[in-house]
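So the structure is just underneath, and the comments pick up after that.
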Amino acid sequence: MLDLQKNGIHVAESYFIEAGTKTTLATLHTQLNWQETVLKPCVSGAGRHTYRLSTENIAEHEAIFTELIANESMMLQPFQHHIVTQGELSLIIFNGEYSHAVLKQAKVGDFRVQDDFGGTVKPYTPTETEIAFALNATKACPELPIYARVDIFTDNTNQLAVSELELIEPELWFRNDTNAAKILAKHISKRLK
């Protein structure tokens, strides 16, 4: 697994729970001293089995957690309040160059930004700081990826953080930038020469 933090890239605080671990959500929250969290599979897509937990609803999620952890690794993260208020950015990087970006926002009353759950996506013009942060995340890879989607947000301490570095079949939001596919094709052609 790529450790972005070793390369100076701030990443969302996460606690990984290996498949087959015998524990409970209540125990984990007590051990970590976390009050409000998000539970999700380590390998997932489109918000599958992503749950917002708090002391009020942990008990009702214990059964699904027991079922999930028996078969797949999970992660627990402190709930990030700015994702609800500001959204999450996806910056698309081709061969170490910024291409385009989108802002993903959750629908009112939810925290998941995926459109499967009513979230919205719109074109976004990132700041130079946001672009540099995303570029540095891709440069931390052992080999520069030909394409990457760097999902970032402002965390609870008001720092930019990587939520996901998508390198395997990510949604690259081509529909939000008509030239992006041509730019990617140009980079692939360069790599093949």
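Odds and ends about this structure:
- Residue 108 over 30 Å from residue 20 (Cβ atoms), in a strand (DSSP E or B) and modelled with pLDDT under 90: no
- One residue stands out among those in the stretch 111-128 that are at pLDDT below 90 and aromatic (Phe, Trp, Tyr): the one that is farthest from residue 81 (Cα to Cα), which is 117.
- Scanning the stretch 63-80 for residues that are surrounded by 14 or more Cβ atoms within 10 Å (Cβ to Cβ) and of a type outside the set (D, E, K, R) yields 65, 68, 69, 73, 74, 75, 76, 77, 78, 79, 80.
- Total residues in the stretch 17-46 satisfying the condition of being at pLDDT 90 or above and not in a strand (DSSP E or B): the figure is 18.
- The stretch 43-53: number of residues that are exposed (fewer than 13 other Cβ atoms within 10 Å of the Cβ) and under 18 Å from residue 14 (Cα atoms): 3
- Qualifying residue in the stretch 47-55 (condition: small (Gly, Ala, Ser) and at pLDDT below 90): yes
- Verdict on residue 30 being in contact (Cβ under 8 Å) with a residue 24 or more places away in the chain, over 20 Å from residue 149 (Cα atoms) and not assigned by TED's automatic domain parsing to the domain that holds residue 146: no
- For residue 58, the requirement of being farther than 16 Å from residue 161 by Cα and surrounded by 14 or more Cβ atoms within 10 Å (Cβ to Cβ) is met.
- Any hit, the stretch 93-103, residues being closer than 30 Å to residue 186 by Cα and either without any contact (Cβ under 8 Å) to a residue 24 or more places away in the chain or in a helix (DSSP H, G or I) (or both): yes
- Residue list for the stretch 129-188, restricted to those being touching a residue at least 12 places away in the same chain (Cβ under 8 Å), within 22 Å of residue 85 (Cβ to Cβ) and of a type in the set (Ser, Thr, Tyr): 129, 154, 163
- Number of residues in the stretch 167-185 that are in a loop (DSSP other than H, G, I, E, B) and of a type outside the set (A, V, I, L, M, F, W, C): the value is 6.
The values are calculated or read from the model by the stated rules, or taken from the named source; none is laboratory data. Please read these numbers as outputs of a predicted model, since none were measured by experiment. Heads up, the Cβs are rebuilt from the backbone with ideal geometry, glycines too, and the neighbour counts pull from every protein chain shown.
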